[in-house]
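S.K.: Here it is, the structure, as structure tokens.
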There are 2 protein chains.
Amino acid sequence: VRVGVDIGGTKTHAVALDETGRIVQQLRLPTGFGPEAVLAAAVRSVDALTGLTGLAAERFESIGVGVPGAVDHATGRVTHAVNLGLDDLDLGTELEARLGVLVRVENDVNAAAFGSFHRLGSPAGQPSDRSMAYLNLGTGLAAGLVLKGELWRGSRGAAGEIGHIPVDPHGPVCSCGQRGCLEMMASGSAVARQWPTSHPRPVEELFEAAAAGNVLALEVRRSLVENVAAAVRVLVLTVDVDFVVIGGGISSLGEPLLAAVRAVLASWAAESPFLASLELPERVAVVPVGFPAAAVGAALIGALGSGATMSGVR
Amino acid sequence: VRVGVDIGGTKTHAVALDETGRIVQQLRLPTGFGPEAVLAAAVRSVDALTGLTGLAAERFESIGVGVPGAVDHATGRVTHAVNLGLDDLDLGTELEARLGVLVRVENDVNAAAFGSFHRLGSPAGQPSDRSMAYLNLGTGLAAGLVLKGELWRGSRGAAGEIGHIPVDPHGPVCSCGQRGCLEMMASGSAVARQWPTSHPRPVEELFEAAAAGNVLALEVRRSLVENVAAAVRVLVLTVDVDFVVIGGGISSLGEPLLAAVRAVLASWAAESPFLASLELPERVAVVPVGFPAAAVGAALIGALGSGATMSGVR
């Protein structure tokens, strides 16, 4: 049994996988804020899995943790995880001290990329030399890359930071200091800025209002979908991955989001033989609704060590 | 001795490398137009190297060819090499028939990427797990990627086609059918559109006129340099390569171009702590003036077969 823990801004999601990578147990807990609360939630989630599986923590083959922020995957140190109140925490070391077992730590978008690849790119957990980008549409926008079955972090862990590629010289100023970043156009925060609401699922409300003909909603939806498609185009034109999987909070819209993104990509292909040759609409997918990609990916990365490769999954 | 042949739109450049990867002989011939002329130029360049090295072609350890257009590196077939008048040619097979030896064919930008990596990323030809993007500023704009010492072509050979990422929704229409593509802003054709001249080296004239205070030249140079910097940003934010090497015709400007691009990247860093953390100015270089990157890369790729990796270079 391999255990993966996805520490999110509000919830901590933990899974236990069997030897084939199938989820055998899972649970959610509130995360809390600050180092002690985050550590406690992670420990409680692992404890709960020992109860659910009937195995002591040291009987788990491996434990992996996905967490937002800048992660040094070699040391397990986490910095700049603002939403969790973690400025600088040796998360791996602290968890190992409390759990008594080795813990691997990975950035949550990378973990979700690896989990999505396991589900969609290498469904039987078999070695795969396929390549995939995972496009995370959460509060922000970022991607994770799996190249020939291996997680690609880049030279300093900045691979996939496409949210800070400017796409409109006249766009709004981003928190990063640049103007018109992709993240300002296609993310939860982009929708919140353009479609203020108290609805618990703002993008769902946005799509419903657009379907009902609301003019502002139509415009905000158009901008969102076009810029998600632009992110897909950046990923394929730069890395030429086999396919792009859309995940994150906005992806819970599922099929309507995917259909809208594909329609934009198809409209571009109609204008550009070059883009048409790349067959972008056929290369986009969404994470299956309810699939805990980051927790599953964390479990698999925990199993594989820092040089994560799907070929290591039995 | 390994032989590399770079078939360009006007010149064919051939090199012979010794076992350490050093250039021991090189020559240039006019390429001509159409399949027969292209094949004849390649054969003549190899014949000339047999004379210069005193070795028969079958004594060469390997022969590699770099050529523009869409290249199937497994079969050696070239399509859509418009500037050479090659619509569809089995270049590898045809050359093998005429030369009597195995010939590897690679896209010229990929070949130049591999040659630049050999020179700048792995200077002693040693195995290297560093990663590099080669940004080619020729008539068009495209990049080649070397990831952990290996050429990365992508799933369909489209990796590095960043010239067709739109960066300005209000920019001019590109030959690819999209609007405001990076290639329309930062390439030889972009300069030709904005700075029409009969000067043999238009970008050199442009930089001289800008230095002399010509208002149009200042504006065209600003746009060129900013968009070259934008291409560097796309490459690092997406793939996070260790460094980016600028090559192609425009790179013959050398240090003044590099200094201008670094100044733009530094000005962005001053506005964005996130970009500052990536240290982009320090990660940019230009191909040394006169270094025949594509011919050298073709020779090395010829040596290594289709799974090109620097670790195979002795």
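The values are calculated or read from the model by the stated rules, or taken from the named source; none is laboratory data. Treat the numbers as computed from the prediction; the structure is a model and nothing was measured. Positions of Cβ are backbone-derived with ideal geometry, glycine not excepted, and every protein chain shown enters the neighbour counts. The area values use the complete protein model at the heavy-atom level, side chains included, leaving out ligands, DNA and RNA. Shrake-Rupley method; radii C 1.70, N 1.55, O 1.52, S 1.80 Å.
S.K.: Given axes a ≥ b ≥ c from the Cα gyration tensor, I'd like to know whether segment B:80-220 is rounded (a/c under 1.5), prolate (a/b larger than b/c) or oblate.
M.R.: Numbers: a/c = 1.86, a/b = 1.59, b/c = 1.18.
Judged from the Cα gyration tensor, segment B:80-220 comes out prolate (a/c at least 1.5, a/b above b/c).
S.K.: Axis carrying B onto A: which residue of B has the nearest Cβ, and how far, whole Å?
M.R.: Closest to the axis: B:Thr238, 2.
S.K.: Express the relative contact order of segment A:161-314 as a whole percentage, based on alpha carbon pairs under 8 Å and six or more residues apart in sequence. The partial results should precede the final answer.
M.R.: On the way: 161 pairs, mean separation 23.0, N = 154.
Normalised by residue count, the contact order of segment A:161-314 is 15 percent.
S.K.: Same structure again: Treating the beta-carbon of each Lys and Arg as +1 and of each Asp and Glu as -1, no other charges, what is the dipole magnitude of chain B about its Cα centre, to the nearest 20 debye?
M.R.: Roughly 220 debye for chain B.
S.K.: Continuing with this model, one more query. Run through the other copies and list how far each one's label point is from that of B:Pro172, in nm with one decimal, shortest first; the point sits 7 Å from Cα along Cα-Cβ.
M.R.: Copy-to-copy label distances at B:Pro172, shortest first: 3.3 nm.
S.K.: Keeping every protein chain in place, order A:His118, A:His80 by accessible area at 1.4 Å, biggest value first, i.e. largest first.
M.R.: A:His80, A:His118
S.K.: Let me ask something else. Other chains' Cβ within 10 Å of A:160-166 residues: what's the mean?
M.R.: What the average comes to for A:160-166 is 5.
S.K.: Moving on to the next point. Among the lysines, select those whose C-alpha is under 23 Å from the C-alpha of A:Lys148, and discard any that sit fewer than 8 residues away in the same chain.
M.R.: Reachable lysines: B:Lys148.
S.K.: How many Å² of accessible surface get buried when B and A come together, counting both sides, probe radius 1.4 Å, rounded to the nearest 100?
M.R.: Buried: approximately 3300 Å² between A and B.
S.K.: In deg cm²/dmol, rounded to 500, what helix-only [θ] at 222 nm does chain A give when every DSSP H run of at least 4 residues adds -39500 (n - 2.57) and the total is split over its residues?
M.R.: -11500 deg cm²/dmol
S.K.: Over what distance in Å are the Cα centres of segment A:234-279 and segment B:30-108 separated?
M.R.: When both Cα centres are located, 36 Å separates them.
S.K.: Using a label point 7 Å beyond Cα on the Cα-Cβ vector, give me the inter-copy distances for A:Ala270 in nanometres, one decimal, shortest first.
M.R.: Computed spacing set for this position: 4.6 nm.
S.K.: For the charge dipole of the protein assembly as shown, defined by +1 on Lys and Arg C-beta atoms and -1 on Asp and Glu C-beta atoms about the Cα centroid, which residue among A:Val105, B:Leu182, A:Met185 has the Cα displaced farthest towards the positive pole?
M.R.: A:Val105
S.K.: Rounded to the nearest 5, what % of DSSP beta bridges with both residues in chain B are antiparallel?
M.R.: 65
S.K.: Over the protein assembly as shown, give the accessible area per residue in Å² for a 1.4 Å probe, as an integer.
M.R.: Working: 24100 Å² over 628 residues.
Value returned for the protein assembly as shown: 38 Å² of accessible area per residue.
S.K.: Hey, what's the Cα Rg ratio for chain A versus the globular rule of thumb, 2.2 N^0.38 Å?
M.R.: Numbers: Rg = 19.2 Å, N = 314, 2.2 N^0.38 = 19.6 Å.
It is 0.98.
S.K.: Give the relative contact order (percent, whole number) for chain A; include only Cα pairs under 8 Å separated by 6+ residues.
M.R.: On the way: 695 pairs, mean separation 68.7, N = 314.
Relative contact order comes out at 22 percent.
S.K.: Right, next: How large is the accessible surface of B:Lys11 in square angstrom, using a 1.4 angstrom probe and rounding to the nearest 10?
M.R.: Rounded to the nearest 10, the figure is 100 Å².
S.K.: Is there a quick way to get the dipole size of the protein assembly as shown? I mean about its Cα centre, with the Cβ of Lys and Arg at +1 and of Asp and Glu at -1; what is the value in debye to the nearest 20?
M.R.: With only Lys, Arg, Asp and Glu charged at Cβ, the dipole is about 140 debye.
S.K.: For a test of the definition: using alpha carbon positions, the gyration tensor, and the 1.5 limit on a/c, classify segment A:95-172 as rounded, prolate or oblate.
M.R.: Working: a/c = 2.39, a/b = 1.38, b/c = 1.73.
Oblate is the answer for segment A:95-172, as a/c is 1.5 or above yet b/c matches or exceeds a/b.
S.K.: How many nanometers, to one decimal and shortest first, lie between the label point of A:Gly51 and those of its other copies, if labels sit 7 Å from Cα toward Cβ?
M.R.: For A:Gly51, the other copies' label points sit at 8.6 nm, shortest first.
S.K.: Could I ask something else about it? Report for the protein assembly as shown the percent antiparallel among DSSP-assigned beta bridges with both residues inside it, nearest 5.
M.R.: In the protein assembly as shown, approximately 65 percent of DSSP beta bridges are antiparallel ones.
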